[in-house]
1. Could you please report the charge total around Gly214, scoring K, R as +1 and D, E as -1 over all other residues with beta-carbon less than 15 angstrom from its beta-carbon?
2. Rg to Rh ratio, the stretch 139-276, alpha-carbon atoms and Kirkwood radius?
3. Using a 7 Å offset from the Cα along the Cα-to-Cβ direction at both Ala54 and Val164, what is the distance between the two label points in nm, to one decimal?
4. Can you give the extra length, in nm with one decimal, that the chain gains between Val242 and Val91 once fully stretched, where that is 0.36 nm per residue apart less the Cα-Cα distance?
5. Within the chain, how many Lys pairs sit with Cα atoms under 29 Å apart, leaving out pairs fewer than 8 places apart on the same chain?
6. Before rounding to the nearest 500, sum -39500 (n - 2.57) across all DSSP H runs of length at least 4 in the chain and divide by the residue total; then give [θ] at 222 nm in deg cm²/dmol.
7. As an exercise, find the ratio Rg/Rh for the chain from alpha-carbon atoms, using the Kirkwood inverse-distance average for Rh.
8. Can you give the net charge of the other residues whose Cβ lies under 12 Å from the Cβ of Gly281, counting K and R as +1 and D and E as -1?
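We did not get these values from a lab; they are worked out from the coordinates using the rules stated. The model shown is predicted, which means the values in this text are computed figures rather than measured ones. All Cβ positions, even for glycine, are placed from backbone atoms using ideal geometry, and neighbour counts span all protein chains on display.
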Amino acid sequence: MTRIETGAGRTGGRPRPATRRAPARRRQYLGSLPFVAPAWILVGVIGIVPIIYAVWEAFTNQSITAINHNFVGFSNFAAAVFRPAFLDSLVVTATFVVVCTVVEFVIGYALAYFLNLQLRGHQIARSILLIPMLLTPVVIGLVFKFMFTPKIGIVYSALEGIGVHIPWFTNTFWGKVFIVTLDSWLFVPFVMLMLLAGMSGVSKDQLEAASLDGAGWWKKTRYVTLPALSPVIMITLLLRVVDTSRMFDQVYSSTRGGPGTSTLTTSILVYNDTFGSFQFGYGAAEAVTLTLLLAPFYFFYIRLTRI
């Protein structure tokens, strides 16, 4: 609040503001504008403008065969979003979200736990485990596809040598297992790194006190480690849920959504409708719908990370 001063020498003894901070703050904001303006312009050009254009496209009949781009309202949503192909892709995407998140969290937690023990060679092991984070999903998708290809792939040949024949690219179940394996190999290091950073901040005094009270590994994990890691775990799971929901690179470069539609995620379907069938309105409507479905996770993440 603005301080009020009164006294002799004031006209009529009426109070008036002694200090005016608004002009000073305005000058401060204007002085910092040249430094933040480039970042805002970049965000607007590569982020906000494409989103606005996609929303506008979702309400038009824009396609490669359309002569005029007319406003069609919610026709694209009714025709594209509520069709069986889109709903099936949502089921496939949700399956990958649940399975990949659980598998990556369990393996990532186990690796983080052993690295946190700081056994001999843990730094070398950590460096090796972080290698997948340096590679792009497209390249890894192609490499895995070659490794699991019958007759020529090293993984397929190794399994064939012990009498195991798995139809990775012809069976719907094993196609899903292949994508889960590929995604887990890519992102387990990220989960491990996040949890390892959180474990370094767990109070060792509490762990020692729990050990003196006779608590075993499970009780210390349940009552000490996991409560201390809960903010990190929540943020990590949210990031993996959002990232897995828009899974595209590794699927497109390996299975292209096959066999059949067993690995056809929503992102692959949007790409096929937009750049395969050139139904830009359909693809935009599907992309907007997927964004709206993920919006609660975005807002929850922003709330968790708000300072």
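1. +1
2. Reported Rg/Rh, Kirkwood definition of Rh: 1.14.
3. 3.9
4. Result: 52.9 nm gained on full extension.
5. For the chain, the number of qualifying lysine pairs is 4.
6. So the helix-based figure for the chain works out to -20000 deg cm²/dmol.
7. Result: Rg/Rh = 1.14.
8. -3
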